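Undergrad: Quick one: structure below, then a few questions.
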């Protein structure tokens, strides 16, 4: 009898597990009351697409908290304070989830987006500065006649999750919606596992990994902050559930298409970290990014990341480029510069079909402000050289200098500290954070100053042929 009862208990348990695994979600995706076909629907693990009438059926596991769509090109969804509402929470006793799309007023094949990183609000006194950033973004977007959306590479707040609502309301003033990924500061720290660390994020921003489409471009958002269940410690890591999900997501994307992958922690900051792994940098880069690179091989791919509060632009391969976006907050709102001397600001991307064009926009500066020049005896660390900090440069840029109207000469790239950032962050006394200090970078260029020269002009030509020039008096 005892064995029989144990057997029946086991049967019931297995049946319950089977029932949970076999739960089927269903619903419709419509626009103006009509079904929209071929819309991808997922619960973060399983996938399906809508039929000709916009209907879908999706097998779902019981531990998946959200059901959501990959917004198709040509459509928007309703937003709530700049957050697109493309997901719904799966609740007990309800298996029907409908989604409504909004047809865009203009074709989005030619479109743009703003990408920000690390707004990182720590105290309510910082919201006016954030509002200034939102105003600057709005003015930039209003200078275009194409549709724009926004992307945030994480660290929306510093630690206080109650600031999410005010953050979203503030950024809504920029006039665009933002697709966001969580940063390490957005995790709920002192949780017992990684799996519980993003629940507060999901309540406001939705899933931590998802995709959407605009024009001819596919956008993927991933969470590469892996909380290890101890204090505030984390590593840069993409778990298997996301990789398995990404493989399925990309199965709907034709090879050769342009793709943007949004992360918080960079996959790389220089060629060295792609060749040699160091435990000392386990939270500074995504440790298992090679699998991501492999998945992106069939595509024209760009990675957008943040985390460092500095600028890195890395050409990983012929088909893959990573943009490490400087912080909208600069040095955690302790000064107008990031710790490498990059002014706080954001990236501006323009997409036409599959062609991608971009530049970095410093907050409260014109779009052609792309460098800072240093020379003179007040900077002994420069050893008498003319030095240019060209923060958005990469190996395809050409940086040249001329003296007193003479012939242009190539400048030498090297790694150093930005003199202004060194002065600004020489001491963190009186600052809100003890971890603000200047950091070196490799987007500096130098050339010896000829004897008797009185004026220098530095010209930077970016990979799109745009020329930026700046002068400095040497006497």
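The values are calculated or read from the model by the stated rules, or taken from the named source; none is laboratory data. Keep in mind it's a predicted model, so treat the numbers as computed, not measured. No Cβ is skipped: glycine too gets one built from the backbone with ideal geometry, and neighbour counts run over all protein chains shown.
Undergrad: In segment 414-432, is there at least one residue being surrounded by fewer than 16 Cβ atoms within 10 Å (Cβ to Cβ), touching a residue at least 60 places away in the same chain (Cβ under 8 Å), touching a strand residue (DSSP E or B) at 6+ places or on another chain (Cβ under 8 Å) and not assigned by TED's automatic domain parsing to the domain that holds residue 322?
TA: No.
Undergrad: Still on this model: Kindly evaluate residue 145 against the criterion of being in a loop (DSSP other than H, G, I, E, B) and either surrounded by 21 or more Cβ atoms within 10 Å (Cβ to Cβ) or touching a residue at least 60 places away in the same chain (Cβ under 8 Å) (or both).
TA: no
Undergrad: Take residue 290 and tell me if it is more than 16 Å from residue 441 (Cα to Cα) and modelled with pLDDT under 95.
TA: Details: more than 16 Å from residue 441 (Cα to Cα): yes; modelled with pLDDT under 95: no.
So residue 290 does not fit the description; no.
Undergrad: Let me ask something additional. Hey, can you tell me all the residues within segment 406-433 that are modelled with pLDDT under 95 and within 18 Å of residue 474 (Cβ to Cβ)?
TA: None - no residue of segment 406-433 is modelled with pLDDT under 95 and within 18 Å of residue 474 (Cβ to Cβ), so the list stays empty.
Undergrad: Exactly one of (1) crowded, with 20+ Cβ neighbours inside 10 Å; (2) touching a residue at least 60 places away in the same chain (Cβ under 8 Å); (3) over 17 Å from residue 172 (Cβ atoms) is unmet by residue 123. Its number?
TA: All conditions are met except number (1).
Undergrad: Just the residues that are surrounded by 14 or more Cβ atoms within 10 Å (Cβ to Cβ) and free of Cβ contacts under 8 Å to residues at least 60 places away in the same chain, please, taken from segment 433-475.
TA: Hits for segment 433-475 are 444, 445, 453, 457, 469.
Undergrad: Going by the conditions given, is residue 214 in contact with a helix residue (DSSP H, G or I) (Cβ under 9 Å, 6 or more places away or on another chain), within 30 Å of residue 288 (Cβ to Cβ) and crowded, with 17+ Cβ neighbours inside 10 Å?
TA: No.
Undergrad: Within segment 182-294, which strands (runs of 3 or more DSSP E) (wholly inside it) include 3 or more residues that are within 20 Å of the chain's Cα centre (by Cα), farther than 23 Å from residue 150 by Cα and in contact (Cβ under 8 Å) with a residue 24 or more places away in the chain?
TA: So the answer is 234-236.
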